[in-house]
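A quick write-up on the structure given underneath.
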Amino acid sequence: MKLKHILILVIFLFITSCKTNTPEPVDLVNPNIGGISPLLQTTVPLVSLPNSMMRIHRIPGNYQAEKIDCFPFIVCGHRNGTAGFLMPSSGASADMKELQSYYDHDYEICTPYYYSVWLEDPDINLEFTVGEKSSFYRIAWNRKDVKKLMLGVTTNGSINVINNNTIEGYEMYEEKVKVFFCLKSEKDFFADSIWDSAGNHTGGFSGLYGKKPHASLTFDIKEKEPVGIKMGISFIDAAQARKNLDNDIPGWDFELLKDNGRKKWNSALSKIAVKGGTKDQQTVFYTALYRTYERMVNISEDGRYYSGFDNAIHNDNDTSFYNDDWMWDTYRASHPLHAMINPELEALKIQSYVRMYEQSGWMPSFPIL
């Protein structure tokens, strides 16, 4: 090989190495920062898209928690609770306490757009990513044991088994909002048991309405074979939940959805470029910037939205409706910041406040569903 060819190769490898080692803004975000708080409430390792309706985190969100209880269908409001839950298990037990699993942060990947963890007790690898109004889980059971997925409603609601790939239902959130869901599975399951807290019990292709209905789904698959589970959510109706899912995740390409989430976060975080400082300082900065995109969230669904300010469904007239804000935390810095870096988005948020006043007669300081 000639000397000039060697030099070209060396330069190419150097450039490639530099590109590989240069982190993008999203790589500098650590969602676990703030997970230990001596005062007020901890932050949670939230997975979402910027200002999007679908938000998920492990429960409990506290970094010091030794066990994971479950994963919610959706975070309905910042600090204001969740709707639904799901948790995989190995074995025949349906006891919720036995579903809890130890986990180790060394075997956890936590980013704004993607989460992965090894559940130690059942020996299950679980990962998920999100769309605007939907989520996509990939679950692998590593043991030669009964492979189950437990899901349920935490208040009053319903679970309806449509077929061996689809479950639909809703949960009453804060006793006034119906959170509709549509779950689809890549592999066939058998709904071997559906029950509620009153002792009502059924199974197979059927449904149940009541207090805290739960379902146990069994998969007849090989160990370590991943199963895709995707779910759409709506605050309007069941048909809209199905439509949201189909719009966000028309197929079963997990990596495509994950990559799209990464791109959206990089685009949002790149509104501010940082020079200088240590990597740790940059991590603190971009993690704080990521937190400002947690709220407000766009809850318009195909031109309509549910408003908790008059408990009605409205047309958004081509102007998306944003909700979930805590002005105590956001008015001094977060809103002024986004007025500079995202002025069109900030205008939509302000217009949403005007609508809230028109619908309720009050200007809210903590608007939630």
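Measuring between alpha carbons in the structure, the pairs from Lys67/Lys349; Lys148/Lys212; Lys133/Lys211; Lys184/Lys212 lying more than 30 angstrom apart are Lys67/Lys349. Bridgeable aspartates and glutamates around Lys224 (alpha carbons under 12 Å apart, same-chain partners fewer than 8 residues away excluded): Asp123, Asp145.
Taking all protein chains as they are arranged and a probe of 1.4 Å, the heavy atoms of Tyr173 leave approximately 20 Å² accessible to solvent. GNM, the chain, Cα, under 10 Å: largest mean-square fluctuation among Lys148, Lys349, Lys224? Ranking Lys148, Lys349, Lys224 by mean-square fluctuation puts Lys224 first.
Note that the stretch 54-187 presents 35 Å² accessible area per residue, ligands and nucleic acids not counted, probe 1.4 Å. Taking a ≥ b ≥ c as the square roots of the eigenvalues of the alpha carbon gyration tensor, the stretch 29-126 is prolate, as a/c is not under 1.5 and a/b beats b/c. Remark: the stretch 273-343 carries 51 Å² of accessible area per residue (probe radius 1.4 Å; ligands, DNA and RNA excluded). Surface composition of the chain: carbon and sulfur atoms hold 54% of the protein heavy-atom accessible area at a 1.4 Å probe.
The values are calculated or read from the model by the stated rules, or taken from the named source; none is laboratory data. Because the structure is predicted, anything quoted here is derived from the model rather than measured. Remember, those area values only see protein heavy atoms, side chains included, never the ligands or the DNA or RNA. Shrake-Rupley method; radii C 1.70, N 1.55, O 1.52, S 1.80 Å.
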